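The values are calculated or read from the model by the stated rules, or taken from the named source; none is laboratory data. Just so it is clear, the structure is predicted and the values come from calculations on it, not from any experiment. Because the Cβ atoms are built from the backbone with ideal geometry, glycine has one as well, and the counts that use them run over all protein chains shown.
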Amino acid sequence: YVKERGKNDFMIFNKQLEHQSLERRILESALRQAIKEEQFYLEYQPKMDMSTNEIIGMEALVRWEHPDLGIIPPLKFIPLAEETGLIIPLGEWILKESCFQAFAWQNNDFPPLRLSVNISVRQLEDPNFIDKVKSIVRETGIDAKNLEFEITESVLANVNSIAPILKEIQKIGISISVDDFGTGYSSLSYIKDLPIDTLKIDQSFIKDIHENRESKEIAKAIINLANSIGLNVIAEGVELKEHVDELKKNGSIHGQGYYYSRPLKVSAFEEFLKTAHEALLSVN
Ligand code: C2E
Ligand code: MG
Ligand code: MG
Ligand code: MG
C-alpha cells in the first residue's frame, strides 16, 4: 500500500512539474514574441513631496498587454524575463521609452520631474549595460540628473561586484534608490560603501503603519537613518490618509501610492500633471 501511494504521489508530483514547465515554456515563447512585437507599454506613478503635495517625479512601471490574454502583471513575467535573460532587451526598451517620454514632459512647461526606472540585477551584470545607458541618455536628450535607477536591496548585498557598476552609473549623473528597503535581509554596511541617494521604504511597513507599533518604529528608524546620513527617503504604498498622517510625524519625506495616484497611462498622467500644476498656481 505504502509503495502504491508513493508511486501515486510521484505521478502527481510529476504531472504538476510537467504542467508547470509547460506553462513556463508557453509563457516564455509568448514573452519572446511580445518583445519582438512591442506588446508593452509603460505607466507612470507620481512621487509626491508629502509636506507640500507637490509632484517631484514618477516611477515607470511596465505593462504587458497580450493580444489574447489581456494584461499580464509584472510579477508574473518580470521574474521569468530575469531567469531567461529577456529582461536585457526588455529593460533596454523600458529605459529608452521612459527617457523619451520624460524628455517630452521636460519640454512641455511642466516643472522638472525626476524619472525612476526599475533595473534588474541581470541588467547590471550585462557587460554592455553602461554603454547602453550612456547612448540612451544621449539619444533621448534626458538630463541624467533627472534620472534615477531603483535597485532592490537584495541586489546590493553583493557589494564587491555591484560597486564598480554603481560608480559608473553615478559618474553619468544618474541617482540610485534602494527599492523595497527593509526586506533585503542584508547587513547595512553596503550603504556606506555604495553611492546611494535614496532609501525607498518597502510598502509592507507602510500598509499597517497606523495600527502596528513595529511598522511605525521601523519606518521611523529608516527615516532617521536616512536623515542622519544625508540620504533622501520615500515611502511606497501610501494608500490612506492615516498613512500620510503617521509618516508626516517624522518630518518631511516623499511618498508614492494609491492615496496620491495609481500608476497612470501617458494621457492620464498628463492630466494629473496639469491638475497638480493648476492647483499649485491657484495656491500661490
Ligand atoms: P516595485 O518597483 O516595488 O513597484 C511598486 C509596486 O507597487 C508596483 O506594482 C505599483 O503599482 C504598486 N503600488 C504602487 N502604489 C501602491 C499602493 O498604494 N498600494 C499597493 N498595494 N501597491 C502599490 P507593479 O506595477 O505591479 O510592479 C510590481 C513589481 O514588478 C515592481 O515592484 C518591480 O519590482 C517590478 N517591475 C515593474 N515594472 C518594472 C520594470 O519596468 N522593470 C523591472 N525590472 N521591474 C519592474
Ligand atoms: Mg520600484
Ligand atoms: Mg518597491
Ligand atoms: Mg516591490
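In table form, for the structure just shown:
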| item | result |
| --- | --- |
| Among residues of region 200-228, those that are over 23 Å from the mean Cα position of the chain (by Cα) and exposed (fewer than 14 other Cβ atoms within 10 Å of the Cβ), counted | 6 |
| Residue list for region 221-232, filter: in a loop (DSSP other than H, G, I, E, B) and without any contact (Cβ under 8 Å) to a residue 12 or more places away in the chain | G230 |
| Residue within region 56-67 that is of a type in the set (F, W, Y), within 13 Å of ligand 1 (Cβ to nearest atom), more than 21 Å from S261 (Cα to Cα) and touching a residue at least 12 places away in the same chain (Cβ under 8 Å) present | no |
| Residue match in region 132-149 (condition: over 21 Å from E59 (Cβ atoms) and at pLDDT below 95) | no |
| Flag for G237 being surrounded by 15 or more Cβ atoms within 10 Å (Cβ to Cβ), within 23 Å of I78 (Cα to Cα) and touching a helix residue (DSSP H, G or I) at 6+ places or on another chain (Cβ under 7 Å) | yes |
| Breaking point among (1) surrounded by 14 or more Cβ atoms within 10 Å (Cβ to Cβ); (2) within 13 Å of ligand 1 (Cβ to nearest atom); (3) closer than 23 Å to T183 by Cα, for Y258 | (1) |
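For every residue, the table says whether it meets (1) in contact (Cβ under 8 Å) with a residue 60 or more places away in the chain; (2) touching a Pro at 6+ places or on another chain (Cβ under 8 Å).
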{"residue": "I234", "(1), (2)": "yes, no"}
{"residue": "G237", "(1), (2)": "no, no"}
{"residue": "K241", "(1), (2)": "no, no"}
{"residue": "D245", "(1), (2)": "no, no"}
{"residue": "G251", "(1), (2)": "no, no"}
{"residue": "G255", "(1), (2)": "yes, no"}
{"residue": "Y260", "(1), (2)": "yes, yes"}
{"residue": "F269", "(1), (2)": "yes, yes"}
{"residue": "T275", "(1), (2)": "no, no"}
